[in-house]
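Before any comments, here is the structure.
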Amino acid sequence: MPFTAGDKMSNHSESRRPAYFSRLIDAYDAGLTGRHAHLGYWDEPEQVTQVSGEDFETAQNRMNLQLLGMISLSEADSILDVGCGFGGLLRQIDTLVQAVFLTGLNIDRRQLEICQQINSVNGNVFRWCESDACRLPFSGPSFDVVFCVEAVFHFLSRRVFLQEAARVLKPGGRLLLTDFSLAPPAGTPHFLPEALLADGFGPWPDPFCREGTTHELLKSCNSWQDVDCRDLTLQTAPTWLHVLPHNCSEDNAPTDPGVRSALTLAWLQRCGGLRYECLVATRSSH
């Protein structure tokens, strides 16, 4: 079905569309990547020494199953995926449950055009919406579940997004999101300019969570209760074996902005300066 425009997309909105998705779209069109645009999950990450494209896609599917295992879905649920990418998570949900309403929201029209190719295999209803995550185009409590997988760091404000998610969730509704929590490793100079990450993976307005980590923001707001934070840093670590070229290292500085940013994240993870967190929270009744 055609997607709707939640608000009038401005040039400023277009500037907030992640530039690296142009490469992902090209790869998808060429059949080199699937519908997932997030890190993978490995049960025994210490045993992994190399990752093929097939291994990575399997690990991405495994990540989705891990996330869905943290939040129960029921018949007739209305589900929103904010920053839905190519629709991989919603398509996977469609194969697992029936009689649900699936809405994917993205600021990038090109990604939504790829999502439109999905047809339900279980008779579920899909809807695609073009809008800014910090201005969700829904008038009030409309959803039972909101997902946001590896997208919140792109938004202008984590705090504003969480306020919007609380506004559109029904009381007792559940939020599940994943996010990076970054900090310069102890004993190292604070030399990591925000532009280094934004150059390849931007927009990334607040990489070092000066506004507060997503976990801190959820815990500090009375709109949320039963906040659960799980550290998946180790289980996602083999992703960097797939993302980075084999000859890439800190001593062999790459020129490609995306590779340079990925190398920065991989280095931060090895040094203990990166946490990959999955958070689940319940919309309180206040």
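The values are calculated or read from the model by the stated rules, or taken from the named source; none is laboratory data. In this text, all values refer to a predicted model and were calculated from it rather than measured experimentally. Positions of Cβ are generated from backbone atoms using ideal geometry, with glycine treated the same way; all protein chains shown enter the neighbour counts.
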Only one of Arg210, Arg174 is touching a residue at least 60 places away in the same chain (Cβ under 8 Å) and of a type outside the set (Phe, Trp, Tyr), namely Arg174
Kindly establish whether Leu263 is in contact with a helix residue (DSSP H, G or I) (Cβ under 9 Å, 6 or more places away or on another chain), free of Cβ contacts under 8 Å to residues at least 24 places away in the same chain and surrounded by 18 or more Cβ atoms within 10 Å (Cβ to Cβ). yes
Is the stretch 178-200 home to any residue that is surrounded by 16 or more Cβ atoms within 10 Å (Cβ to Cβ), closer than 21 Å to Leu90 by Cα and modelled with pLDDT of 95 or more? yes
Could you please let me know if Asp81 is over 20 Å from Phe143 (Cα atoms) and within 17 Å of the chain's Cα centre (by Cα)? no
Picked from the stretch 231-245 (must be exposed (fewer than 15 other Cβ atoms within 10 Å of the Cβ) and modelled with pLDDT of 95 or more), the residue nearest to Arg159 (Cα to Cα) is Asp231
Considering only residues that are within 15 Å of the chain's Cα centre (by Cα) and either charged (D, E, K, R) or not in a helix (DSSP H, G or I) (or both), which ones fall in the stretch 20-50? Tyr20, Arg35, His36, Ala37, His38, Leu39, Gly40, Tyr41
Please count how many residues of the stretch 72-99 are more than 20 Å from His36 (Cβ to Cβ) and in contact (Cβ under 8 Å) with a residue 12 or more places away in the chain. 7
Residue list for the stretch 47-57, restricted to those being closer than 13 Å to Thr33 by Cβ and out of contact with any helix residue (DSSP H, G or I) (no Cβ under 9 Å at 6 or more places or on another chain): Glu54, Glu57
